[in-house]
1. If P207 passes every condition in (1) modelled with pLDDT under 90; (2) crowded, with 21+ Cβ neighbours inside 10 Å; (3) part of a helix (DSSP H, G or I) but one, which one does it miss?
2. What are the residue pairs meeting all of these: first residue in segment 25-44, first residue among the charged types (D, E, K, R), second residue crowded, with 18+ Cβ neighbours inside 10 Å, Cβ atoms under 8 Å, and 6 or more apart or on different chains?
3. Please indicate, with yes or no, whether at least one residue in segment 76-93 is among the acidic types (D, E) and in a helix (DSSP H, G or I).
4. Take the conditions closer than 22 Å to S135 by Cβ and among the basic types (K, R) and apply them to R26. Does it pass?
5. Among what's in segment 41-61 and is closer than 20 Å to L132 by Cα and hydroxyl-bearing (S, T, Y), pick the residue that is surrounded by the most Cβ atoms within 10 Å (Cβ to Cβ).
6. Go through (1) outside the structural domain of A18 (by TED's automatic domain parsing); (2) not in a helix (DSSP H, G or I) and name the single condition Q59 misses.
7. Residues that are under 18 Å from T226 (Cα atoms): which helices (runs of 4 or more DSSP H) entirely in segment 96-170 hold 1 or more of them?
8. Identify the single condition in (1) touching a Lys or Arg at 6+ places or on another chain (Cβ under 8 Å); (2) touching a residue at least 40 places away in the same chain (Cβ under 8 Å) that D96 does not satisfy, given that it satisfies every other one.
Amino acid sequence: MSMKKVGIIGGLGPETTANFYLELIRLAQASPNEGRPPVLIWSVPIPYEVERTCIVEGQGADAMRELLVEGAERLAQGGADFIVMACNSLHIFINDLRAAVDVPVLSIIEETTAYVLSKATSKVGLLGTSILVGSGMYQTELAKAGIECAIPSVANQKKLQEAIFATLNGKAGHATKELVDSVTKEFSEQGIEQVVLGCTDLHLFFPKVSGAVEFIDSMAVFVEATAGAMGYIPESDVLIHTNTAT
């Protein structure tokens, strides 16, 4: 059986792209299909200053539009049957990508929302960049499904952006753990038991989060959706990570 070839728009950041690829390989190996999965990756050459302005300040995302469209076009020309982008925030340009190529472009927002809906919950928290939160992409999709979405305080959101940028540059440390613990506590006090990790880089320090909150890792959801779209049968029970440490 011939598997569909996926084109990954990556480098947003590089470590997450690498992990996305490795998890995709793992799911393919766990399926009854034999052989390595057909994968194309285009690592977007984003200038560091543009990245910082976008992630930390929540501005200037338009500077990335041309780079992302070019990446989608290169992958389509390279023979990708469909395209994915391992970044939540830059899905503000998904309609541009879908208009630029003749192959399907899967959405991490849509796939994660569908998963949240399957959990039969009425309210979730959301962690992500200010671009993501400010765009209302998750809030809109979740609202369509009848699910309320809470976001962090302004102070925590600003610190979260800085932590995400530090993670992109391999500088996340204990201060990041303390921040995420603080945000988790904030949601817990609102009675929220499930929180969407709406940034694919958050999983890099996710295992260190404290508190009895269930976290929905959007990257894990999207990897499984990608494996399914390729024609593989992914493992079950790999999407939700729960940390009950106090």
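The values are calculated or read from the model by the stated rules, or taken from the named source; none is laboratory data. From a predicted model like this one, the values you see are computed outputs, not experimental measurements. No Cβ is skipped: glycine too gets one built from the backbone with ideal geometry, and neighbour counts run over all protein chains shown.
1. (2)
2. Listed by first residue and then by second, the contacts come to R36/A28.
3. Within segment 76-93, not a single residue is among the acidic types (D, E) and in a helix (DSSP H, G or I).
4. no
5. T53
6. (1)
7. Helices (runs of 4 or more DSSP H) meeting the threshold: 108-118.
8. Here D96 clears every test but (2).
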